[in-house]
Every structure is written in C-alpha cells, then in structure tokens.
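The values are calculated or read from the model by the stated rules, or taken from the named source; none is laboratory data. Please read all numbers here as calculations on a predicted model, not as lab measurements. In this analysis, Cβ positions are derived from the backbone assuming ideal geometry, glycine residues included, and neighbour counts consider all displayed protein chains. Just the protein is used for accessible areas: all its heavy atoms, side chains included, with ligands, DNA and RNA removed. Shrake-Rupley method; radii C 1.70, N 1.55, O 1.52, S 1.80 Å.
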Amino acid sequence: MMAATESGKKPKRDTYRHGDLRNALIRAGLELARTGGPEAVVLRAVTREAGVVPNAAYRHFADRAALLHVVSQAAIAQVARTMEAEQAALPPAADTTAAARARFRAVGTGYLRFAQEEPGLFRTAFHVPGDMTHAADDDAAGSSGKTPFELLGAALDGLVETGILPEDRRPGAEFLAWSAVHGLAVLLIDGPLRGLHPAQAHDAGQHVIDMIERGI
C-alpha cells in the first residue's frame, strides 16, 4: 500500500514484504553513511530515506545504536569485498611465494583503496565496535565469507606457509599490520595527508606495506 504523496516526491511505503523493511533500512543507512559518515545514520533520516513512517524502524532496531551497529557491519562487508576484488585482480604469480606475497599486499591495497574511494562508509565501518567481538561476524563478511580481519589473517597464514613469515612471528601479526595500514588510511582521509595527489597516496600506501613486510 502506497501512502499519498505530493507530486514529485518519493512515494512512501507503510508495508513491506517479510524481511524487506529491515534490508531497506540498512540500505538507506549505507547511503546516508556514504555521504555523511556515521553521524548521518539516525533513525528518522533512515526511515525517511527508505520511504516509511518514522516509527517503522523500531520494528527491527531498538534504538539508533542498534541501527548504527548493523550499518557499520554492512560497511565492513563492503571493505571486505573491495579487498577480495583487489586479490581477484592479481595477475598469475610465478610461484607460490610470489602469490602469497601478492595476496598479502592486495589486502592492504584494497583496504586503503576503499578508505579513499568511500571515506564515509570507511568511517562508519570502524565507528561502533569497542572490541574484537564482532570481527568475524557473518554480516561483516565479503563474498568469500571472510571479514577484513579474517582476510588479513588468511594472507598472513599464506606468508607462513610459504616460508616468508617465520611461524614464531605469526601471533599478533594482524594487529601490527592493521594498525599501520589503518593509521595511514585515517591520515589520508581525515588527517594532514588528505591533500596528497592520488599517485602520492598510492605510493605512500605501498611504502607502508613494504615496511610491514619487513617488520612482521
């Protein structure tokens, strides 16, 4: 059933097929986050974007924090898909060692690319979690079923399997690599490096990944 609207305005729906409303609200939240970051994801704005009455969101989300958490997880899943795409685009490697190194580097390159191409979603992706409780949740996973943290872990395991990374240095390597790349991402989109030319930003990312490879 469609609510009456003024000419030229988006028609509102006050009913959705089972399951559609929750997904519609999440999609609306992602669109608001894309342009306005996590601060833009509020219940009234999301219901307006989805074309439903304001109290409709409470059927699926207890409050704004619950909505923002789910939108954050969906944004993290988009980070994962960008990292997966970076890996999928890799040319064939000469050997398993080169392939493992390339897959590891693609994880960092994809992460940085997402941050620069989708800064609003990137800010939203890492706005909510206060710990690692949700780092492996299915709703934060990409097409492979892995979250960004799990993709990084798998890439590091590949370095161990091919002898690039000594096994005794593997524990905790995710946190070292993630900290370095995330720090650069924040500097590029919100800090003093946000004015860098794209080519300079790319080079900076590759240098940081070089540093991580040598340091882990």
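Does anyone have the angle between helix 173-190 and the longest principal axis of the chain? Alpha-carbon axes, 0 to 90°, nearest 10? Helix 173-190 and the main axis of the chain meet at about 60 degrees. Annotation: peptides 113-119, 74-80, ranked by per-residue average of other Cβ atoms within 10 Å with the highest first, follow the order 74-80, 113-119. Carbon and sulfur atoms: what percent of the 1.4 Å accessible area of region 25-125 do they account for? Taking all protein chains in place, region 25-125 shows 54 percent carbon and sulfur surface. Along region 73-80 the Karplus relation, 6.51 cos²θ - 1.76 cosθ + 1.60 evaluated at θ = phi - 60°, assigns HN-Hα couplings of 5, 5, 5, 4, 4, 5, 4, 4 Hz to successive residues, with x for each Gly and Pro. Between the beta carbons of A136 and D210, assuming R0 = 41 Å, the FRET efficiency works out to 0.90 to the nearest 0.05. On region 145-193, 60 percent of the accessible area sits on carbon and sulfur atoms, based on a 1.4 Å probe. Residues H202, H207, H60, sorted by accessible area with the largest first, give H207, H202, H60 [1.4 Å probe; ligands and nucleic acids excluded].
Averaged per residue, the chain has 53 square angstrom of accessible surface, using a 1.4 angstrom probe with ligands and nucleic acids left out. By how many degrees, between 0 and 90 and to the nearest 10, does the Cα long axis of helix 20-36 differ from the longest principal axis of the chain? The answer is roughly 60 degrees.
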